[in-house]
Amino acid sequence: MVQGIQKKAPPPTHCKTSSREHVVFQGLNKHLIKNKQPGALTKEPAHQPKKMRKHRHLPFVAIFCLILSGYHVTQAQQQEIVEVNRKDIVFLIDGTAALGNAPFNAIRDFCAKIINRLEIGPDLIQVAVAQYADTVKPEFNFNTFQTKRDVISSVRKIKPIGGPALDTGTALRYVKNNLFTSAVGSRTSEGVLPMLVLITGGKSRDDVTQPALELKSSGIVVLAVGARNADRAELEQIAYEPSLVFTPTEFRTVALTAILPDVITPIRTLSGTIVETTPIEVLVNKRDIIFLLDGSANVGNANFPYVRDFVVNLVNALDVGIDDIRIGLVQFSENPKTEFFLNSFLTKADVLAHLRQLRLQGGSVLNTGSALDFVLANHFTETGGSRIAENVPQVLVFLAAGPSVDSFQQAANALARAGVLTFCIGVRNADLAELQQIAFNPQIVYFKDAFSDLGDLPQELIRPLTTYVSGEVEEVIITSAEKKIDILFLFDGSSNLVGQFPAVRDFLHQIISDLNVGPDAIRVAVAQFSDNVQVEFNFQDIPSKQEILQKVKRMRIKGGRTLNIGATLDYAMKNLFVRRAGSRIEEGVSQFLVLLVAGRSSDSVAETADALKQAGVVTFVIKAKTADRVELERIVYGPQFILNADTLSRIGDIQPEIVNLLKTIQLGQPAVDDVKKDVVFLIDGSDSTRRSFPEVKSFIQRMIENLDVGPDKVRVALAQYSNTVNLEFPLNEYSDKTDVIRAIQRVSAMGGYPVNTGAALNYLLRNVLTSQAGSRMQDGVPQFIILLTAERSRDDIRRPAIDLKTRGAVPFGIGFGNADITELRTISFVPDFAVLVSGVNELSTVQQLISERVTRLSRAELEALAPELPLLPSPAPPTTGQCGGPGVTKEMGKKDVVFLLDGSQFAAAEFPAIREFIERVVNGLNVGSDNTRVAVIQFSEDPRVEFLLNAHSTKDEVQAAIRRLRPKGGRQVNLGYALEYVSKNIFTRPSGSRIEEGAPQFLILLFSRPSDDTVEDSALQVKQVGVAPLTIAKNVDPEEMVKIALSPEYVFQVSTYQDLPSLEQKLIAPITTLTTEQIQRLIGDTSRPPDIDSEAKDIVFLIDSSNNVRENGLAHIRDFIIRIVQQLDVRPSKVRIGVVQFSNDVFSEFFLKTYQNKDTVLQAIRRLRFRGGAPLNVGKALDFVMKNHFVKSAGSRREEQVPQHLVLLLGGSSQDDVRRPSAVLLASGIKSLGVGARNVDSAELQSITRDPRTAFVVREFTELPTIEKRFFASFEAPQEPPVEPTEPPIDGKKQGDIVFLLDGSINFGKDNFQEVVDFVYGIIDAIYEEGDSIKVGVAQYNSM
């Protein structure tokens, strides 16, 4: 336990209020301070300040007083705690005609996205919306809607009111007087924080000054978002403070999305209430500022001018004078040195003149604690010039470039108790955690990587330095979070280091300097060795860090000709990693050995190295000179624990890496598991690589030299390919690194052409990544595929790549020669794993990068990187209907059951009861690969697969796996993340799920406390997949469980997991009886209000490729489409593109969902080839695209209300009927644009588009560029979502009588007549709304 200080964040003093009240804000905290009347509930006089306690390490900024310019007053009072997740938020948005529809839609979407990320409810956050121009129109009040869904749905229906000008002042006053009132649901009278989000695109016509002041005096926090013609100065006047003004470049989705996190943060984190204030005199135009500067070798003479200039520039910007801001300065290293006191100089000129003459003090280490004590005792005193007795704010600016070697905590606490506001600046090797403990608040710590960066800091510092004041503080007890470890530095002291030992000694000195060395933190011991061991000091000989550093400085080389590393390790094990030498190994403290070796050992290292590992000692080796890498790999856990020091004179270059490893490494079994990898090299052996094949083999050989090859470690396979594939050796062929390298050396290029990379990837999936070929994929071992190619593939690579990644493989794409980077990125696990070099000789430049990724990426890191993979068209399953609908034939015994278990520390004590319960439930199920399949996943901070649905085929195997379960561990219960994971990764065909076959899917969830993350969206995602969640929990609100469960009857609460046996039959019953159809009915409509991007579009180009167009015409059409697409933001969340060609038949080139980015779409368009054919059947083509492209399975987002566009390019007249399919397109909300040339019938084209303005005709396709701008403008014209109804007549109702006369003869045929009926139904559905008075009649006729 150490003594700490509660430090409240300093408030700015520049804000004004118009009364004796002001708002208290707290950022990033969980409670609201509610102040009572002075003197209430306390015997202390009302004027006596009450001290406030709060843990000083929380990263919060608490602004607890706003001070008037000149003289201001504060009074801290008796306090109680109130929850702060309650706010009343008004969105006031610009609805003028000048703004335009598209920007208004983007604002509307922006508001919906903000609301979607808030906790909405009558007892949580309430929302009201109004728009304004020259008048104000309230859209809805705080008490209008109770749920987030209703609020968002209403926001998305808002249409601009129009209006000639903005009267922002009037609107602000209207909001204050009419919306923040209890009559419409506002809770300001209950102490709930009122907030206003103003979004405007212009300057106000009326004055905003007085209304803005009224809002502030009422305690309403205003955020302002302005673009286009908005006036930032005006927005800053309106907003509570300038930091709450946001100015996107434009009111478009991309620009607004960019500022979304910045806007949401204050909305979520600011809290407040009204506080009465009572005078205490504080003079804010006066400051006493002491600079305490690092004058040691950490800065050095070369960098000290940067420090000096920083101080000069900062002082030059201050109002310095004996009656204004006073300046004092101290340098320190081992000892502090006063440069001048606060009262040494009377004018700014005198201060600056002395500053410019400053010279570095010098010194090797920093005694920060001693220096802090010195400034408090000698400078923040009346004799030192301080005016602390006159209530003048006291400020310390502390700058350090290295860590302290003495204790500083008590000195920092003393400064805080004295009311000194400490700002900390760290440069280069300063310890950030140390600075955060010294600073008055962690938020006023500034860190720079280089001294040259200090030049930008004065501008950043000037405002807080001159406006913040300190508050009352109180000493509290905090627990030290310092990491306890023991480190033995065991260095080669033989003749191998003669002449270079000083560099090694300095290297050791710097490492220890950067560590938090102390009896209760990091203990260090140092020894040298050659033929025997010479101990410099053990873990307890020298308790002081400063004395340790002095001892290291005096070290001399031991000497000796031979190296007995084995005996040295044995000595360390028996004499240093023991209690009597100060090691805390028996207390479970982590033990590290840093071994520096510069030669080969004369004795065996194997036995003693194993003993060290068994004792739990983690060894890092620094390899220098002639040390044997193979010998060193025997000592460490894996090759990644060996660091190379190419030259001992530059050994200091690896010092930061060593320090970082020692500070951050986590010990435990997963680190050992992660050395298991399966690595498959797939190399282009075609005619293109014959000459470069030796370099390719050398690259592979160098990579393998960095791998820890072995049957229980890294397995390696090699295949080469061209138009076929040759498997050189599978993963289980060789178990030794030497054998693998020899096998590679024997391989020669197979030759052949062309290069079919897609087929080669498929081959790996079916023949190499299998258990028969040695793959450990089923055991969860990462599967790496290293592809090296010099050519573009001639076949499709997309589907095989997705199949590989879906199965869990991690491909790297490495290309040279004619390889295509886009293709490599498509193949790679993530685009960053793709590399293209200019030639085969450049492969060596990427070898280290690829090697490090393969050796260091763990299973958990790969899961975190895993991309979202697109769904590709697949062969239809052997069922009809959806989810077991009519016509489905399925085995009722098929069930997939996934147990999702809380494996955190909160469930660990009762985990055996959970395990036994699962075993009993499984025992009651008909388990088998063709019956009920079972999987188990654990989760805490993240999920972990214990076994998948296809891992075991018998009940005995499943139960044996369950008995082996042990709690995962972890300090958090991130249920939302776990639910999202299982929905995306477990209920899938590669993981053994039979969801596509209509088998019922069940998720059995057991958890021990409320989730630490949000579960609502993830629970919805699970249900949308078609999974039935059944929840069991303790210490959880049943209402939270209901949100997750299939229905309330499948929510089971227990007080202890010992009660689980009582739930056994209650759980088995739904698993064995519920059908897929019943699950779907219980899930019901889980769709959420669509989050529509205002720039999203689905566009299908329908191209005439008949004989009318000819090959040269198609070339011009292709170029025209390319130019249009180049102007669009093509990606899955924005614009999707599909292309279809037709003549007498219809040909789908690609669907809306096929390509994910603009480059791949353009490449596909460039590959279009003329098809030819006659006659031209436009009607047939329109019908085809309606049924096959504007549907969800093809990637259309029509159901999500995303605008749908059809672009028809014609070169002739249709030979079939176009009226019926055109009407269907129109009724379905699809906007048609037509472009015609040559023999096109313009009247027919206009009848298809239904709007002459969207039909464009040119004489020849060569003239298409002349209409491009007009076409694109029409194409970009705003379009309401298709489900939005047209504006009704003035009386609000439509009236009409409609008769449909249908051909009932055999002309349509029995099969087609249903389509006629559907067409009629579609028209009625499109025009009819509730309340309309429309009568419909239907008649059939035939020849009779």
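The values are calculated or read from the model by the stated rules, or taken from the named source; none is laboratory data. All figures in this text were calculated on a predicted structure; none of them were measured in a lab. Note: ideal-geometry Cβ built from the backbone for every residue, glycine included; neighbour counts use all protein chains shown. Ligands, DNA and RNA are stripped out before the accessible areas are found, and what is left, the full protein with its side chains, is counted by its heavy atoms. Shrake-Rupley method; radii C 1.70, N 1.55, O 1.52, S 1.80 Å.
Summary of values
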read-out	value
Residue tally, condition closer than 30 Å to Q1201 by Cβ, out of contact with any Ser or Thr (no Cβ under 7 Å at 6 or more places or on another chain) and open to solvent by 20 Å² or more (accessible area, probe 1.4 Å), over the range 1251-1271	5
Those residues of the range 770-798 which are outside any helix (DSSP H, G or I) and either open to solvent by 40 Å² or more (accessible area, probe 1.4 Å) or over 22 Å from K697 (Cα atoms) (or both), in sequence order	T770, G774, S775, R776, G780, V781, P782, R792, R794, D795, D796, I797
Some residue of the range 159-180 being at pLDDT 90 or above, under 16 Å from V197 (Cβ atoms) and of a type in the set (D, E, K, R)	yes
Residues that are closer than 18 Å to L765 by Cβ and out of contact with any helix residue (DSSP H, G or I) (no Cβ under 9 Å at 6 or more places or on another chain), drawn from the range 721-745	N726
Residues satisfying the stated conditions in the range 607-623, i.e. at pLDDT 85 or above, within 11 Å of V636 (Cα to Cα) and not in a strand (DSSP E or B)	A609, L612
Residue in the range 388-396 that is small (G, A, S) and in contact with a strand residue (DSSP E or B) (Cβ under 9 Å, 6 or more places away or on another chain) present	no
Residue in the range 419-431 that is open to solvent by 10 Å² or more (accessible area, probe 1.4 Å) and touching a Ser or Thr at 6+ places or on another chain (Cβ under 6 Å) present	yes
Residue match in the range 608-624 (condition: surrounded by fewer than 19 Cβ atoms within 10 Å (Cβ to Cβ) and within 20 Å of L648 (Cα to Cα))	no
Some residue of the range 931-938 being open to solvent by 10 Å² or more (accessible area, probe 1.4 Å), basic (K, R) and within 25 Å of A1069 (Cβ to Cβ)	yes
One residue from A377, A411, A416 being open to solvent by 50 Å² or more (accessible area, probe 1.4 Å), of a type in the set (A, V, I, L, M) and over 26 Å from D449 (Cα atoms)	A377
Looking only at the range 344-374, and only at residues there that are under 48 Å from the mean Cα position of the chain (by Cα), open to solvent by 30 Å² or more (accessible area, probe 1.4 Å) and hydroxyl-bearing (S, T, Y), the one that is modelled with the highest pLDDT	S370
Residue satisfying condition, being among the small types (G, A, S), over 27 Å from R944 (Cβ atoms) and open to solvent by less than 20 Å² (accessible area, probe 1.4 Å), within set A819, A801, A809	A819
Residue pairs meeting the criteria (Cβ under 9 Å; at least 6 apart or on separate chains; first over 16 Å from V1135 (Cα atoms) and among the charged types (D, E, K, R), in the range 1154-1172; second open to solvent by 30 Å² or more (accessible area, probe 1.4 Å) and in a loop (DSSP other than H, G, I, E, B))	R1171/D1145
Boolean, R228 is basic (K, R) and over 30 Å from V1130 (Cβ atoms)	no
Any hit, the range 730-737, residues being open to solvent by less than 40 Å² (accessible area, probe 1.4 Å), closer than 25 Å to L857 by Cβ and among the hydrophobic types (A, V, I, L, M, F, W, C)	yes
Residue among L1152, L1114, L1128 that is buried (at least 18 other Cβ atoms within 10 Å of the Cβ), farther than 28 Å from Q1201 by Cβ and aliphatic (A, V, I, L, M)	L1114
Residues of the range 705-724 satisfying the condition of being buried (at least 20 other Cβ atoms within 10 Å of the Cβ) and either assigned to a helix (DSSP H, G or I) or more than 35 Å from the chain's Cα centre (by Cα) (or both)	L718, A719, Q720, Y721, S722
So R1238, is it of a type in the set (K, R) and more than 42 Å from the chain's Cα centre (by Cα)	yes
Scope the range 999-1026; condition free of Cβ contacts under 8 Å to residues at least 60 places away in the same chain and either on the phi > 0 side of the Ramachandran plot or among the β-branched types (V, I, T) (or both); matching residues	T1014, V1015, V1022, V1025
Strands (runs of 3 or more DSSP E) wholly inside the range 1119-1213 containing at least 1 residues that are under 30 Å from the mean Cα position of the chain (by Cα) and aliphatic (A, V, I, L, M)	1135-1142
Condition check for S386: assigned to a loop (DSSP other than H, G, I, E, B), under 18 Å from I325 (Cβ atoms) and in contact (Cβ under 8 Å) with a residue 12 or more places away in the chain	yes
Which listed residue, of E1095, E1016, is touching a Lys or Arg at 6+ places or on another chain (Cβ under 8 Å), charged (D, E, K, R), more than 27 Å from V927 (Cβ to Cβ) and open to solvent by less than 50 Å² (accessible area, probe 1.4 Å)	E1095
Unmet requirement for N1035, which otherwise passes all of (1) open to solvent by 40 Å² or more (accessible area, probe 1.4 Å); (2) modelled with pLDDT under 85	(2)
Residue list for the range 237-261, restricted to those being farther than 19 Å from A112 by Cα and open to solvent by less than 20 Å² (accessible area, probe 1.4 Å)	I238, A239, L244, V245
Residue pairs meeting the criteria (Cβ under 7 Å; at least 6 apart or on separate chains; first closer than 17 Å to E733 by Cβ, in the range 772-784; second open to solvent by 30 Å² or more (accessible area, probe 1.4 Å) and modelled with pLDDT of 90 or more)	A773/N732; A773/N767; G774/R715; G774/N732
Of residues in the range 1039-1082 being of a type in the set (D, E) and under 27 Å from R994 (Cβ atoms), the one surrounded by the fewest Cβ atoms within 10 Å (Cβ to Cβ)	E1049
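Residue by residue, here is whether (1) open to solvent by 70 Å² or more (accessible area, probe 1.4 Å); (2) modelled with pLDDT of 90 or more; (3) not small (G, A, S) holds:
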{"residue": "E823", "(1), (2), (3)": "no, no, yes"}
{"residue": "L843", "(1), (2), (3)": "no, no, yes"}
{"residue": "L849", "(1), (2), (3)": "yes, no, yes"}
{"residue": "G903", "(1), (2), (3)": "no, yes, no"}
{"residue": "I918", "(1), (2), (3)": "no, yes, yes"}
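Matching residues to (1) touching a helix residue (DSSP H, G or I) at 6+ places or on another chain (Cβ under 9 Å); (2) under 23 Å from T1249 (Cβ atoms):
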| residue | (1), (2) |
| --- | --- |
| E1149 | yes, yes |
| Y1155 | yes, no |
| F1170 | yes, no |
| L1182 | yes, yes |
| R1197 | no, yes |
